[in-house]
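So the structure is just underneath, and the comments pick up after that.
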């Protein structure tokens, strides 16, 4: 029996901020080529806008993706947002590489306080530094921070 990882009593609708981690299938290091990342990041931006989510930050690591998004409307549906993003990007990926892009599920955390947002943004942008890929977040070409 599969373990439930979504909150049973939470509907994931509305104006909440979510910190999301999505891993690649079999932890394959696919996000090392700018062209691959550009395709998936374009889809992420399109789906965010279409589904009523503000993209605060993201970082494409070689084998996973970190995202911080916020629902802009009471009807913003987080589960639908992730489903559509993974579905559309996975489809596009399979068309070009004939391989699966994403693992079956994802991890999310609902943020509750404003100061948590800054910590999560710091975590996301410093991920390549912790991994030893760059010496400062500004050097990493595969991350994004919304201009405040």
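Just to verify a result, which residue in segment 58-82, among those that are touching a helix residue (DSSP H, G or I) at 6+ places or on another chain (Cβ under 7 Å) and either modelled with pLDDT under 95 or not in a strand (DSSP E or B) (or both), is surrounded by the fewest Cβ atoms within 10 Å (Cβ to Cβ)? Residue satisfying both the conditions and the ranking: 63. Which number in (1) touching a strand residue (DSSP E or B) at 6+ places or on another chain (Cβ under 9 Å); (2) free of Cβ contacts under 8 Å to residues at least 12 places away in the same chain marks the one condition that residue 35 misses? Here residue 35 meets the rest and fails (1). Scan segment 17-35 for residues that are surrounded by fewer than 18 Cβ atoms within 10 Å (Cβ to Cβ) and more than 11 Å from the chain's Cα centre (by Cα) and report the count. The total comes to 9. Of the residues making up segment 83-108, those that are in a loop (DSSP other than H, G, I, E, B) and either touching a residue at least 40 places away in the same chain (Cβ under 8 Å) or closer than 20 Å to residue 127 by Cβ (or both) are 99, 100, 101, 103, 105, 106.
The values are calculated or read from the model by the stated rules, or taken from the named source; none is laboratory data. Bear in mind the structure is a predicted one, so any value in this text is a computation, not a measurement. Cβ atoms come from the backbone with ideal geometry, glycine included; neighbour counts cover every protein chain shown.
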